[in-house]
Amino acid sequence: MCISEISQAKKIEFEETFPDEGDVDMLKAARTYKEVGYKGMLMPDHAPAVAGENAATVAFAYCYGYIRAVLQSIDALND
């Protein structure tokens, strides 16, 4: 696997959510990727619509920031 898509799709209905708002425990998922030696990318699939200037950029920046924080948390917990 070279890309792992990070998404929080609901089980029956699809609803765009930010990485910290859905059904998946992102910290647990990221820990599992690390435990099995996954070396590929982690990336958001889509981002919910937000209001304001550069809305798509802002939404994706939040998603990438969240993913980075999760990965840094895993590293800190292992130290």
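The values are calculated or read from the model by the stated rules, or taken from the named source; none is laboratory data. Bear in mind the structure is a predicted one, so any value in this text is a computation, not a measurement. Every residue, glycine as well, gets a Cβ built from its backbone with ideal geometry; the counts of neighbours run over all protein chains shown.
Where the second residue is part of a helix (DSSP H, G or I) and the first is in contact (Cβ under 8 Å) with a residue 24 or more places away in the chain and lies in the stretch 24-38, which pairs have Cβ atoms under 7 Å and are six or more apart or on separate chains?
Going by the 7 Å Cβ cut-off, the qualifying pairs are Met26/Val70; Leu27/Val70; Leu27/Ser73; Ala30/Val70; Ala30/Leu71; Ala30/Ile74; Arg31/Ile74; Lys34/Ile74.
With the requirement that a residue be in a helix (DSSP H, G or I) and of a type outside the set (A, V, I, L, M), what does the stretch 42-76 give you?
Correct list: Thr57, Phe60, Tyr62, Cys63, Tyr64, Gly65, Tyr66, Arg68, Gln72, Ser73, Asp75.
Among the residues of the stretch 1-30, which ones are at pLDDT 70 or above and outside any loop (DSSP other than H, G, I, E, B)?
Met26, Leu27, Lys28, Ala29, Ala30 - these are the residues of the stretch 1-30 that are at pLDDT 70 or above and outside any loop (DSSP other than H, G, I, E, B).
Restricting the stretch 31-56 to residues that are touching a strand residue (DSSP E or B) at 6+ places or on another chain (Cβ under 7 Å) and either more than 20 Å from Ala69 (Cα to Cα) or surrounded by 15 or more Cβ atoms within 10 Å (Cβ to Cβ) (or both), which is modelled with the highest pLDDT?
Here the residue is Tyr33.
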